[in-house]
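Have a look at the structure below, then the notes.
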Amino acid sequence: MANPVLVEVLRGAVVESAHRGVVAVCDADGKTVWEIGDTARPVFPRSAVKAIQALPLVESGAADAYGFGDRELALACASHSGEPEHVETARSMLARAGLDEAALECGSHWPSSHAATVTLARAGGEPNALHNNCSGKHAGFLCACCHSGIAHRGYVNAGHELQGMVRDAMEAVTGAAHDVDHCGTDGCSIPTYAVPLRSFAAGFARMATGNGLGPVRAKAAQRLLSACMAEPFLVSGTGRADESLMKAAPGRIFVKMGAEGVYCAAIPELGLGIALKCDDGAVRAAESMIAGVLARLMAGEEELARELRRQAVQPILSRNDVEVGQVRPSEALN
């Protein structure tokens with residue numbers, strides 16, 4: 001059975017396109033609070049689970065050994081835009097472990113920030129691995145290796161000790177097996193595992209509450225989510241949806257996008273975790289979906305819910321900057 005339409009794209013008053021998707025909202029016991037669509041189908045979370053992947057950085061003691069605060073921990077969980085502040089923070093993280101960008105195995109690409117790309121190109125520069133949106137995560141991986149006495153070369157490979165630590169954390173937090181039959185390779189070259197979407201929702205409820213994680217892991221999880229909520233720009237970038245949503249309720253909402261239309265989120269005060277996927281991978285739809293879900297869950301606070309609903313509706317502009325349509329959540333999310 002097909003997942004329902006969760007986002008509509010209007011031109012004028014006519015629905016021109018539609019996006020189907022799936023949503024899971026769970027508590028820390030794994031109980032489903034609300035769901036739409038097939039939440040049991042395995043999904044690759046991609047970058048939406050970087051906060052869980054960063055647990056070994058904190059649990060190993062590396063974050064404390066290198067003096068990392070909210071800024072560095074937020075970048076370790078980031079899919080950043082490659083703006084100068086992102087690049088320099090990643091560079092600084094590596095330097096504290098005695099490394100530089102040559103140690104990164106994530107590959108390079110131009111900044112996703114148009115302004116940062118133009119500035120770099122005008123200066124005659126070329127992108128390096130620090131501009132990769134995952135460079136903060138990889139810097140965190142390398143720091144965990146160095147502090148733990150693990151040889152860091154090949155740290156992106158599934159058989160490397162560091163990736164074993166990451167996989168163990170993912171399994172413990174989500175409660176789902178991460179096995180070779182459901183393993184793929186992410187864009188930044190590390191393993192990514194497809195598990196039921198509802199497992200990620202339950203996992204982020206546990207990250208937010210600490211329930212079932214044990215004291216050390218619970219403290220690390222809270223520290224990472226708090227860092228992201230304190231530094232939303234470093235998690236994403238100027239004008240990005242993750243930044244805007246976390247700024248709407250400072251310190252109260254955690255959100256993280258992943259490629260191919262995935263989002264994970266948590267509302268600590270409600271003890272809830274959220275995971276969703278737009279079936280066709282469209283970013284515009286996933287952003288509308290997560291804002292709509294958050295607005296529904298925070299409906300008791302009229303002003304906040306209104307702002308979240310505003311962010312859920314994205315205008316479509318003509319080349320003359322005239323609004324000619326909109327992307328909006330369907331009735332299923334309202």
Worksheet entry | Identity of the residue in region 22-47, closer than 19 Å to VAL7 by Cβ and small (Gly, Ala, Ser), that ends up farthest from the chain's Cα centre (by Cα) | GLY37
Worksheet entry | Counted residues, region 2-22 - those being open to solvent by 60 Å² or more (accessible area, probe 1.4 Å) and part of a loop (DSSP other than H, G, I, E, B) | 2
Response to the item:
For CYS134, the lone unmet condition from (1) in contact (Cβ under 8 Å) with a residue 12 or more places away in the chain; (2) over 21 Å from GLU161 (Cα atoms) is (2)
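Is it true that some residue in region 159-176 is open to solvent by 20 Å² or more (accessible area, probe 1.4 Å), of a type in the set (A, V, I, L, M, F, W, C), at negative phi and in a loop (DSSP other than H, G, I, E, B)?
Just the residues of region 159-176 that are open to solvent by 20 Å² or more (accessible area, probe 1.4 Å), to begin with: 159-161, 165, 167-168, 171-172, 175.
Retained after the next criterion (residues that are of a type in the set (A, V, I, L, M, F, W, C)): 165, 172.
Of the ones still in play, those that are also at negative phi are 165, 172.
With the extra rule that they be in a loop (DSSP other than H, G, I, E, B), the set shrinks to none.
No.
The rows are residues; the columns are (1) of a type in the set (Ser, Thr, Tyr); (2) surrounded by fewer than 21 Cβ atoms within 10 Å (Cβ to Cβ); (3) part of a helix (DSSP H, G or I).
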residue	(1), (2), (3)
SER47	yes, no, yes
ILE52	no, no, yes
GLU72	no, no, yes
GLY82	no, no, no
Discussion item. The conditions are (1) assigned to a loop (DSSP other than H, G, I, E, B); (2) of a type outside the set (Ser, Thr, Tyr); (3) open to solvent by less than 50 Å² (accessible area, probe 1.4 Å); (4) more than 27 Å from LYS137 (Cα to Cα), and ASP29 fails exactly one of them. Which is it?
Written reply: (3)
Worksheet entry | Where a residue in region 98-114 is within 11 Å of SER81 (Cα to Cα) and its partner, wherever it lies, is open to solvent by less than 60 Å² (accessible area, probe 1.4 Å) and not in a loop (DSSP other than H, G, I, E, B), with Cβ under 7 Å and at least six apart | HIS109/HIS131; TRP110/THR117; TRP110/HIS131; PRO111/THR117; PRO111/LEU120; PRO111/HIS131
Item to complete: Just give me the residues in region 297-318 being in a loop (DSSP other than H, G, I, E, B), over 14 Å from GLU287 (Cβ atoms) and either among the polar types (S, T, N, Q) or open to solvent by less than 60 Å² (accessible area, probe 1.4 Å) (or both), in sequence order.
Response: MET298, SER318
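Going through ALA63, ALA40 one at a time, which residue ends up being in contact (Cβ under 8 Å) with a residue 24 or more places away in the chain, of a type outside the set (Asp, Glu), surrounded by 23 or more Cβ atoms within 10 Å (Cβ to Cβ) and under 21 Å from PHE204 (Cβ atoms)? Can you show your working first?
Values: ALA40 fails: surrounded by 23 or more Cβ atoms within 10 Å (Cβ to Cβ).
Selected residue: ALA63, the only one of ALA63, ALA40 that is in contact (Cβ under 8 Å) with a residue 24 or more places away in the chain, of a type outside the set (Asp, Glu), surrounded by 23 or more Cβ atoms within 10 Å (Cβ to Cβ) and under 21 Å from PHE204 (Cβ atoms).
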Response to the item:
Of the residues in region 149-205, those that are of a type in the set (S, T, N, Q) and more than 24 Å from GLN222 (Cα to Cα) number 3
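Look at THR185 and say whether it is without any contact (Cβ under 8 Å) to a residue 12 or more places away in the chain and farther than 19 Å from ARG71 by Cβ.
On the way: without any contact (Cβ under 8 Å) to a residue 12 or more places away in the chain: yes; farther than 19 Å from ARG71 by Cβ: yes.
When the stated conditions are applied, THR185 passes them.
Can you work out which of the residues in region 243-266 that are charged (D, E, K, R) and without any contact (Cβ under 8 Å) to a residue 24 or more places away in the chain is least open to solvent (accessible area, probe 1.4 Å)? Write out each step before concluding.
So the first thing to find is which residues in region 243-266 are charged (D, E, K, R), and the list is 243, 247, 252, 256, 260.
Checking which are without any contact (Cβ under 8 Å) to a residue 24 or more places away in the chain leaves us with 243, 247, 252.
Working: GLU243: 17, LYS247: 123, ARG252: 64 Å².
The extreme case among them is GLU243.
Does region 267-283 hold any residues that are closer than 25 Å to PRO315 by Cβ and touching a residue at least 60 places away in the same chain (Cβ under 8 Å), and which are they? Walk me through how you get there before you give the answer.
We begin by selecting, within region 267-283, every residue closer than 25 Å to PRO315 by Cβ; these are 274, 276-283.
Matches in region 267-283: ILE274, LEU276, LYS277, CYS278, ASP279, ASP280, ALA282.
One line per residue, one yes/no per condition, for (1) open to solvent by less than 20 Å² (accessible area, probe 1.4 Å); (2) of a type in the set (A, V, I, L, M, F, W, C); (3) farther than 22 Å from PHE254 by Cα; (4) assigned to a loop (DSSP other than H, G, I, E, B):
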site	(1), (2), (3), (4)
HIS178	yes, no, yes, yes
ASP181	no, no, yes, no
ALA201	yes, yes, no, no
PHE204	yes, yes, no, no
ALA208	no, yes, no, no
GLY212	no, no, no, yes
ARG217	no, no, no, no
Worksheet, complete the sentence: Exactly one of ASP321, ASP280 is open to solvent by 40 Å² or more (accessible area, probe 1.4 Å) and touching a His at 6+ places or on another chain (Cβ under 7 Å), and that residue is ASP280
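The values are calculated or read from the model by the stated rules, or taken from the named source; none is laboratory data. Owing to the predicted nature of the structure, the values given are computational and were not obtained by experimental measurement. Using ideal geometry, Cβ is built from the backbone for each residue, glycine included, and neighbour counts are taken over all protein chains shown. The protein model used for the area step is the full one, side chains on, heavy atoms only, and it has no ligands, DNA or RNA in it. Shrake-Rupley method; radii C 1.70, N 1.55, O 1.52, S 1.80 Å.
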